[in-house]
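Values in this text are rule-based calculations from the coordinates and carry no lab data. Bear in mind that the values here come from a model prediction, so they are computed numbers and not experimental data. All Cβ positions, glycine included, derive from the backbone under ideal geometry; neighbour counts span all protein chains shown.
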Amino acid sequence: MRNLLCAVLIVAASCALPAQTHSQNWENLSALKPGERIQIVDTTSHRHAGAFVSFTSTAIVLQQSGGSQTLEKQDVRSVQLTRGGHRLRNTLLGAGIGAGAGAGVTAAAWESHGFLGGKGDGAAVGAVIGGFVGAIVGAVLPSHNTIYRASH
């Protein structure tokens, strides 16, 4: 039973990790359309949010409420596309997946005459705990697509 639990945890962790992409290529910025909402993190960890204007081989320009801002490529740590937030969706999906996994694992591991009752009661306990943990994981998962990440 311990092996089954370990296998479930390994699979769940691998699903939660963001997919690796080739985001170290500055030319990926060509996929952005003018006006799209972006967030740039500079090398001092300061966040710049605004609408994408343009980019060259050496800089990126975004429009903020105070006017346009140009950041040099060597000062950019990452560029993320911030299409509508999906935090609620991710929270609900995480809760559902966590509840199902928690119910399945605890129902399989629960003893027929456990201290709280039978396997059904164990599945309910697991669903509540798994749903809670899954909701937290879903809420903290990033919902931005990384377009560019510096290699340094």
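For region 26-82, what class follows from the C-alpha gyration tensor (a ≥ b ≥ c being the square roots of its eigenvalues): rounded when a/c is under 1.5, otherwise prolate if a/b is larger than b/c, else oblate? Here region 26-82 falls in the rounded category. Calculated FRET efficiency, SER68 and ARG47, Cβ-Cβ r, R0 25 Å, to nearest 0.05? That pair, SER68 with ARG47, gives E of 0.90. Compactness ratio for region 86-140: Cα radius of gyration over 2.2 N^0.38 Å (N = residue count) comes to 1.21.
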